[in-house]
Each structure stands twice: as structure tokens, then as C-alpha cells.
């Protein structure tokens, strides 16, 4: 004899807690897994047999006009059936079930654990030869039944033995899974069943609430479609199992009848939208994307048609669900083969979900008998599926983060290229202007200087001095615009020449200690940026620092180089560093172009040290 259901639950949960503790599983996933494991354990607990099914016989009434007095006559065309759960599919006939109940000393319950039959009437014989009728079915509000329960129940008094007749008809699928229970055994099993359903709904609602918060934060439509899909699942299962009518609308027959198809419309439509979004079918597999759009349209038409004709709406949705068995796998597998990585979780979820869908459709059409597995395979499949789809959404967050990082890196690279192109353009323009000054204005001034020789001797000295000063200034401006020495002599000689040009006329002492980076084939653009940083730092020491001595060091390190410029002037006040001018901003921008780091440090006892450290990039 198997151990009780509670023992199964405790044993499985304790094992899972131990495994999660060893694997450092996140608490949210652990809780969800406990709920699933407990639900499956309780749902799979051995159902107490109660009493063996009674003897059954079936009669079809195509005209739906027979009365109880007619079908109860001897010789009525009943045929005996062996299956305790006849599934009659989409039948427009009325059906009569003859039930021969053996005697028993205890109270019993006649149970029909299927809630989608529209009209059920149980006829009991009276001692005077008459009949009493007790109604059930989803065309009757649940609150009007004699026994309030999610699915139809009929009480049989102790000692009752005899023949009962059950009349059933429905605009949808008709199924009569008849069970005869000992009353106490039924309520014990009912407690397990309702607890299992509670776990089932708890998992779905917890995932829906969690992903609704994620959608509110991320605003990714995949999360919204998933939440609406879960809500549709809850509505469908709640209406299909009778729990929605039991807990939410016990006084409404209309909602009890339409709730199942409305939930199915939401499940099918938003499920198709979720798959299309996650599998990126619009761009990767457009042919199957049109199939998913067809499922969405069928769900919308089914919801609208439900207002006009229930039976047509149900047929349309059954056809759409049957088509989804082909469309969903084809779209997801095609997307995975097209390179959509997150489709792999959709494939696993589909593998868990589709068998239950197929069994549900076949059971609805009356092609397979109603059993515990055909009734609950859909629920077990959805539990596994929603967990796997949650993994797909978690993987989607990683993909979104990776895409955002790639986009950020691409934008930074684009900005880098734009800034470098701007600097290259500026340097090219500076070079052109410097060349024009040298070749144009400079040469003209030299020509004028040569013409002074024809002037009287007393006029030559002042004009000669002025022209030579103008020529010198032109050369200085041209050198500042673009250091031609850098192209002709290299970085080392250009820096040495610049220091001599700046500090010798001003009488400022200077020293330099420069490694020959040109031998290492330093990228010419990097050499120009280093020169510009040094030029700005040395110019600041000349113009603003009132320095008496300036030193420049350019040293090669392991794969890097470091430029240091020190002066003994009055230093740079903190206010000046916070409110940087164009010169300091330009130095920092050029350091960024070099992938380097620029530091401006005060010297002990006065003065400033500027350090630039950057990687050594070759041409």
C-alpha cells in the first residue's frame, strides 16, 4: 500500500530543500519549485476508490423530445456501456444515462467531475411511481444546486438501491465521467484535490504577479504577453474545473457557461503573441509568423462569436487549437534553427505542454475516454511549461543586457570615431593653414626683406628689424598651428624644438628627458595628440605659472608610455581645475582619444605636475 499523500509531499519537499541548499538556488525559484512539487504529489496521490462504478446504459435522443416516462419504460433502446466515463463529443442530441445503483448502508455521492455540460437532470424514482428531478450543469447558477461544489454532485441516501436516470445535453462537448463515492471517502479525496488545485493556481498567479512587476520595470512586451497568457490560463482552468463559478460567480450562469471559452481565447491569442515576440518570427521566420497571426485572429473571432453562437465559437476554437499543435512547434523550431537562442526554452515548454493539449482536444471530441490522465495532463503540462517559459524570460533579460552592452559599446566606438575624425579634420586644417602661412605670407615677407637692399642705408635698420620680427611671428604662428617638425624630425625632436622656442626667449630654464618612441613606430595620430598635450601644458607654464624652471619627461613603460611636465611656478588653484577652460578640456579630450589618463597634481612647495599615461599603440 502506498504511503499517504502528506508523506509524499513532506518527503519530496525535504529532498528538494536539501538539493536547493547544496546548489545555492535563488529563493524565488525554490518556492515556485516547492509549489509545483507539492501540487504534483498531492494531485497524483492515490484516489480512494469509494465504491465500484455502477452498471450503466446509454440512450441517444436525437430529437431531444423524450420524457422520463418514455425512457423509463421497459424495452427502451438503451445499450450497455463498459466505460464509466463516456465522452460523446460535440453532439447535438440529448443523452440519457441509466444508472443501476446497488444498496449500501452509508451515504453516497454521485459525482460528475466535468463542468462543461450545459444541462444535467437527475431523475429519482418515488415510492408512488413518480419521479423527482434535480438539475445541474453550467446553464444553471452554481448557487442554485442542492450541493455547492465546483462540479455536479448528487446525494444518495443510506440504503438507496435502484435505478436512476440522468439526462444530459450541451451545445459544446458532452462528457459523462460518472463516479459513485462513499460520502466520507469523497470529502477526504476532495480535500487533496482542492489543495492540489490551490498549488496549481498559486504557481500561475505568483508567476503572473512577478512578471507583471518585471513588465512595469522593463516595458518589454514579451512580459506583458506572458502575464496575459497566465491570466488566460487561470481563467480557463478556473472555469473548466468549476472553481471560478464556485468562488467568483456562483450566482451567474452566463459567466459559468462562457468563462471557459473566454479563457481559452486569451490563452491562445496571447500565447501566440508571446511566441511571436520571443521567437522573433516576424523577421526570422515570416511564413510561420503569419500562422501565429492567424491564431491570434482566431482567438479574437472566437471571443466575438461567443456573444452570438456558443457552438460555432467552440468549433472555431477547437480547430484553432488543433492547428496550434502544428503551428507552434514549426514556428519555434524554425526560429531556433534561424539562430534565435531563447527559442530553446520554448521548445522544452512546448514539449511539456502539447501532449496535454492534444489529450484535451481528443477528450473534448469524444475520441478518447475520460480518465484522470486525460483530464489532468493539461494541468501538469502547463505547470511544467510556465516554469520553462519563465526560464526563457530570465534568459531574455541576459540577452537584453548583452544587446544593451553591445549597443553602448557601438555608440561609444561611434563617438570615438567621430571625435577622432573631428580632431583629424582640425589637424589637417591646421596643417593647411600653417603651410599657407609658410608658403604664402612667409615667402612674401622674405621677398620684401630682400627688396630692402635697394633702399637708402638710413632707412634699412628699422624696416629690417620689423620685417624680421614679422617673419619670426609668422613662423611661430605656423608652428603653433601644426608642428611641421613632427612630420620631418619625429616626436622627440619636435618636443625639444618646441621647448627651445617657448622658453629660451623668455629666459626660463628647461630640461627634457625623452625616450625615442619613434623607433617603436608610435601611431602618428597618437604622436600628434601627445605633442598637443605637451604644447598646452608648456604654454600654460609660460603664460600663467610664472615658472622659473620647467622639465619634460617622456618615458616608455611596459606596453605604455608616460609624459610628465613639471614647473616651479605658483601652481594651479583648485578653482581653476574645477572650472576648466578650453585648454584643460582639450588636454582631457586628447587623453581620452589616447585611451589614457590625465592627472594634474600640485607640487609640494609650489608648482604643478601634469601626467599623461597611455597605452603604446603602433602605427
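The values are calculated or read from the model by the stated rules, or taken from the named source; none is laboratory data. Worth saying up front: this structure is predicted, and the values here are computed from it rather than measured. With ideal geometry, Cβ positions are generated from the backbone for all residues, glycine too; neighbour counts draw on all protein chains shown.
Overview of results
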| item | result |
| --- | --- |
| Complete set of residues in the range 82-93 that are surrounded by 21 or more Cβ atoms within 10 Å (Cβ to Cβ) and part of a strand (DSSP E or B) | 87 |
| Some residue of the range 259-276 being in contact with a helix residue (DSSP H, G or I) (Cβ under 6 Å, 6 or more places away or on another chain) and surrounded by fewer than 20 Cβ atoms within 10 Å (Cβ to Cβ) | no |
| Selection count, the range 592-604, where residues are without any contact (Cβ under 8 Å) to a residue 12 or more places away in the chain and in a loop (DSSP other than H, G, I, E, B) | 1 |
| Pair list, Cβ under 9 Å, 6 or more apart: the range 572-591 residue at pLDDT below 65, other residue not in a helix (DSSP H, G or I) | 574/602; 576/544; 577/600 |
| Single condition residue 304 does not satisfy, out of (1) surrounded by 17 or more Cβ atoms within 10 Å (Cβ to Cβ); (2) more than 23 Å from residue 350 (Cα to Cα); (3) modelled with pLDDT of 90 or more; (4) over 28 Å from the mean Cα position of the chain (by Cα) | (1) |
| Given (1) touching a strand residue (DSSP E or B) at 6+ places or on another chain (Cβ under 7 Å); (2) under 19 Å from residue 64 (Cβ atoms), index of the condition residue 132 fails | (2) |
| One residue from 507, 559 being modelled with pLDDT of 85 or more, assigned by TED's automatic domain parsing to the domain that holds residue 606, surrounded by fewer than 18 Cβ atoms within 10 Å (Cβ to Cβ) and at positive phi | 507 |
| Some residue of the range 178-197 being out of contact with any helix residue (DSSP H, G or I) (no Cβ under 6 Å at 6 or more places or on another chain) and closer than 20 Å to residue 140 by Cβ | yes |
| Filter pass, residue 432 being at pLDDT 75 or above, loosely packed, with under 13 Cβ neighbours inside 10 Å and assigned to a helix (DSSP H, G or I) | no |
| The range 41-76, subset at pLDDT 90 or above and part of a helix (DSSP H, G or I), residue surrounded by the most Cβ atoms within 10 Å (Cβ to Cβ) | 71 |
| Every residue from the range 142-166 that is over 15 Å from residue 54 (Cβ atoms) and in a loop (DSSP other than H, G, I, E, B) | 145, 146, 147, 148, 149, 150, 151, 152, 157, 158, 159 |
| Boolean, residue 173 is free of Cβ contacts under 8 Å to residues at least 40 places away in the same chain, in contact with a helix residue (DSSP H, G or I) (Cβ under 7 Å, 6 or more places away or on another chain), buried (at least 17 other Cβ atoms within 10 Å of the Cβ) and within 22 Å of residue 360 (Cβ to Cβ) | no |
| Top-ranked residue of the range 212-256 - restricted to ones that are closer than 16 Å to residue 303 by Cβ and more than 27 Å from the chain's Cα centre (by Cα), ranked as surrounded by the fewest Cβ atoms within 10 Å (Cβ to Cβ) | 254 |
| Qualifying residue in the range 289-297 (condition: touching a residue at least 40 places away in the same chain (Cβ under 8 Å) and not assigned by TED's automatic domain parsing to the domain that holds residue 171) | yes |
| Qualifying residue in the range 318-331 (condition: over 23 Å from residue 222 (Cα atoms), at pLDDT 90 or above and either outside the structural domain of residue 174 (by TED's automatic domain parsing) or in a loop (DSSP other than H, G, I, E, B) (or both)) | yes |
| Filter result for the condition that a residue is surrounded by 15 or more Cβ atoms within 10 Å (Cβ to Cβ), more than 21 Å from the chain's Cα centre (by Cα), at pLDDT 75 or above and part of a helix (DSSP H, G or I), over 380, 346, 360 | 380 |
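Residue-wise test of (1) buried (at least 19 other Cβ atoms within 10 Å of the Cβ); (2) in contact (Cβ under 8 Å) with a residue 40 or more places away in the chain.
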{"residue": "96", "(1), (2)": "yes, yes"}
{"residue": "103", "(1), (2)": "no, yes"}
{"residue": "107", "(1), (2)": "no, yes"}
{"residue": "114", "(1), (2)": "yes, yes"}
{"residue": "118", "(1), (2)": "no, yes"}
{"residue": "122", "(1), (2)": "yes, yes"}
{"residue": "128", "(1), (2)": "no, no"}
{"residue": "139", "(1), (2)": "no, yes"}
